[in-house]
1. If I require 27 Å or longer along the helix axis, counting alpha carbons, and a Kyte-Doolittle average no lower than 0.0, what helices from the chain are left? Use full DSSP H segments.
2. Could you count how many Lys pairs in the range 180-276 have their Cα atoms under 15 Å apart, skipping same-chain pairs fewer than 8 positions apart?
3. Please give the FRET efficiency for ALA75 paired with LYS152, using the beta carbon to beta carbon distance and R0 = 22 Å, rounded to the nearest 0.05.
4. What is the magnitude of the charge dipole of the range 145-240 about its Cα centre, with +1 placed on the Cβ of each Lys and Arg, -1 on the Cβ of each Asp and Glu, and no other charges, expressed in debye to the nearest 20?
5. Could I get the Rg over Rh figure for the range 103-215? Both from C-alpha atoms, Rh via Kirkwood, rounded to two places.
6. Hey, got the dipole for the range 4-171? About the Cα centre, +1 on K and R Cβ, -1 on D and E Cβ, debye to the nearest 20?
7. Count the lysine pairs in the range 12-110 that are 8 or more places apart or on different chains: how many have C-alpha atoms under 20 angstrom apart?
8. Which value in deg cm²/dmol, rounded to the nearest 500, describes the helix-derived mean residue ellipticity at 222 nm for the chain, given -39,500 (n - 2.57) per DSSP H run of n ≥ 4 and division by the residue count?
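Every number in this text was worked out from the coordinates using simple rules, so none of it is lab data. On a predicted model such as this, the values are computed, not experimentally measured, just so you know. Every residue, glycine among them, receives a Cβ derived from its backbone with ideal geometry; neighbour counts consider all protein chains shown.
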Amino acid sequence: MKLFNKVVIIGTGLIGGSLGLALKEKHLVSRITGLSRHRRNAGLAKKAGAIDYAAVSLEVVKDADLIILATPVEAIIEIALKIAKKIKRDCVVIDVGSTKEAIVSRLSRVIPNFIGCHPLSGSERRGVVNLESGIFKNSLCIITPTAKTNKKILSKVSLLWRRLGSRVVILSPEVHDRILAFTSHLPHAVAFSLIGCIPAKLLSLSSAGLRDSTRISASDANLWGEVFLSNRKNLLSCLSAFQTKLAVLKLAIERKNKKLLINILAAAKKKREKLG
């Protein structure tokens with residue numbers, strides 16, 4: 001069953017392009033137009049079957065039923081403000097940004113049917129060459145409505161994500177950002193810092209453990225720089241908590257306190273096992 005007729009995806013990279021593939025594969029929409037900052041990317045997305053049409057102008061949003069903003073965080077707000085007066089009044093607009101409070105608070109005031117979404121389906125890979133329609137299956141999608149969000153539109157957007165195979169969780173934008181600071185943004189910050197402190201000449205002697213621990217540090221620097229700054233307050237709090245834990249570990253090693261050291265490691269192991 002088709003949920004939307006004309007869809008416009010702005011940003012045809014990994015998430016936007018993969019969304020296009022998945023929507024077409026599940027027959028949830030009639031046609032998809034894609035726009036990208038780089039015209040070549042939209043062309044590649046069309047060639048890959050992620051979109052039906054590649055556009056170069058925001059004017060294509062005028063008759064869209066659903067618009068998906070799949071750009072970096074700062075660009076989401078910038079583009080949304082540009083299209084706010086171009087779209088139909090009943091057009092549904094969603095984003096897939098990694099932070100929500102700033103986006104939702106700004107855009108819900110200018111776009112009646114805007115709903116913030118965050119599919120936890122990405123990876124350190126980027127670009128059209130890595131498109132994969134199945135990345136939303138068995139994944140989590142957090143939706144962040146406001147008190148003014150239209151309940152019917154919320155149900156429709158939730159259904160869209162469930163049809164793509166995602167498990168939907170509803171959170172406020174503020175709670176989303178506090179949680180994701182710990183579960184996503186902090187791990188990225190730690191991974192970037194960890195690989196950054198290791199001398200390059202030693203990398204040829206690295207273990208699988210280093211590769212596993214720093215995999216996400218291969219993520220796009222510009223994208224994650226924006227994420228860190230857009231959730232600055234929460235991330236700084238998380239970094240302080242991490243520094244405290246690291247300081248206790250360092251102290252146990254300095255003082256050769258084997259009992260404390262083992263307790264720290266065992267508690268961490270037990271918590272990690274809960275992730276599955």
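1. Values: long enough: 232-254 (32 Å, 0.57).
Qualifying helices, which must be both long enough and hydrophobic enough, are 232-254.
2. On the way: LYS245/LYS269; LYS245/LYS271; LYS250/LYS258; LYS250/LYS259.
Counting lysine pairs in the range 180-276 gives 4.
3. With a Förster radius of 22 Å, E is 0.15.
4. On the way: 13 positive and 5 negative charges, 115 e Å.
That gives the range 145-240 a dipole magnitude of about 560 debye.
5. Rg/Rh for the range 103-215 comes to 1.09.
6. Computed charge dipole of the range 4-171: roughly 320 debye.
7. Final tally of qualifying lysine pairs is 9.
8. Value at 222 nm, helices only, nearest 500: -14000 deg cm²/dmol.
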